[in-house]
1. Kindly indicate whether any position in the stretch 82-90 is touching a residue at least 24 places away in the same chain (Cβ under 8 Å) and open to solvent by 70 Å² or more (accessible area, probe 1.4 Å).
2. Answer yes or no: is there a residue in the stretch 65-72 that is farther than 18 Å from N148 by Cβ, at pLDDT 90 or above, β-branched (V, I, T) and in a helix (DSSP H, G or I).
3. Please give the number of the condition D51 fails out of (1) open to solvent by less than 60 Å² (accessible area, probe 1.4 Å); (2) more than 20 Å from L35 (Cα to Cα).
4. Regarding T8, is this residue open to solvent by 60 Å² or more (accessible area, probe 1.4 Å), farther than 20 Å from L138 by Cα and modelled with pLDDT under 90?
5. With the condition kept exactly as written, say whether any residue in the stretch 151-162 is among the aliphatic types (A, V, I, L, M), at pLDDT below 95, open to solvent by 30 Å² or more (accessible area, probe 1.4 Å) and more than 22 Å from F38 (Cβ to Cβ).
6. Looking at the stretch 103-123, is at least one residue in contact with a Pro (Cβ under 7 Å, 6 or more places away or on another chain), open to solvent by less than 40 Å² (accessible area, probe 1.4 Å), closer than 28 Å to L151 by Cβ and in contact (Cβ under 8 Å) with a residue 24 or more places away in the chain?
7. So which of S79, S42 is outside any strand (DSSP E or B) and either surrounded by fewer than 14 Cβ atoms within 10 Å (Cβ to Cβ) or out of contact with any Ser or Thr (no Cβ under 9 Å at 6 or more places or on another chain) (or both)?
Amino acid sequence: MRKIFVATLLAVMLSAATALAADWEQIYLDENDNLIYFDTESVKVVTRNGDDAVFNASFRMVYSERGRQALIDWYRDNSIMPTDIESLSYDVATVNFKKSGDKREYCIMTRKSYTEDGRSLEDMHFVNPNPQWTAIPLSSLVEVEYYNALLIVDGKRFDANY
């Protein structure tokens, strides 16, 4: 019984530490009912030249049951089956963005997947070895992420807590 209590306490403390280290704000609900959050404290400007900039931010996708099943089906269709994918709860990704004139691009740099108790799913850890810039599709999740981060980069974000 004591082991169960200690394990539960450790999981709660780990979750609390993760929550305190970030300022997650919900920004999107996708077609599979997955919730997307943006860490407003994670935005970093890499380079800036006038209105042009390269910046990055962290995002978290919390999977719904339907969203998790759609992802499992995608992996199955592509003959890939990561270990413990049925335990998937959420992903945390770091995305780089580039604004150059009217051109807007992105590149996913890292993505790590976790279970509900915060355990990392090692088979679902992604680090981009050769980042390639891709145009941001109109009316996409990436466009929503881009504009949320850009408001902070440009100092135009309103925070109702102040």
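The values are calculated or read from the model by the stated rules, or taken from the named source; none is laboratory data. Every value quoted in this text rests on a predicted model; they were computed, and no experiment measured them. Using ideal geometry, Cβ is built from the backbone for each residue, glycine included, and neighbour counts are taken over all protein chains shown. Accessible surface areas use protein heavy atoms only, side chains included; no ligands, DNA or RNA. Shrake-Rupley method; radii C 1.70, N 1.55, O 1.52, S 1.80 Å.
1. For the stretch 82-90, residues touching a residue at least 24 places away in the same chain (Cβ under 8 Å) and open to solvent by 70 Å² or more (accessible area, probe 1.4 Å): present.
2. Yes, the conditions are met somewhere in the stretch 65-72.
3. Unmet condition: (1).
4. On the way: open to solvent by 60 Å² or more (accessible area, probe 1.4 Å): yes; farther than 20 Å from L138 by Cα: yes; modelled with pLDDT under 90: yes.
So T8 fits the description; yes.
5. From the stretch 151-162, those among the aliphatic types (A, V, I, L, M) are 151-153, 160; that's our starting set.
Now drop any that are not at pLDDT below 95, which leaves 151-153, 160.
Still in the running and open to solvent by 30 Å² or more (accessible area, probe 1.4 Å): 151-152, 160.
Now restrict to residues that are more than 22 Å from F38 (Cβ to Cβ): none.
No, the stretch 151-162 contains no residue that is among the aliphatic types (A, V, I, L, M), at pLDDT below 95, open to solvent by 30 Å² or more (accessible area, probe 1.4 Å) and more than 22 Å from F38 (Cβ to Cβ).
6. yes
7. Details: S42 fails: either surrounded by fewer than 14 Cβ atoms within 10 Å (Cβ to Cβ) or out of contact with any Ser or Thr (no Cβ under 9 Å at 6 or more places or on another chain) (or both).
Testing whether each residue is outside any strand (DSSP E or B) and either surrounded by fewer than 14 Cβ atoms within 10 Å (Cβ to Cβ) or out of contact with any Ser or Thr (no Cβ under 9 Å at 6 or more places or on another chain) (or both) leaves just S79.
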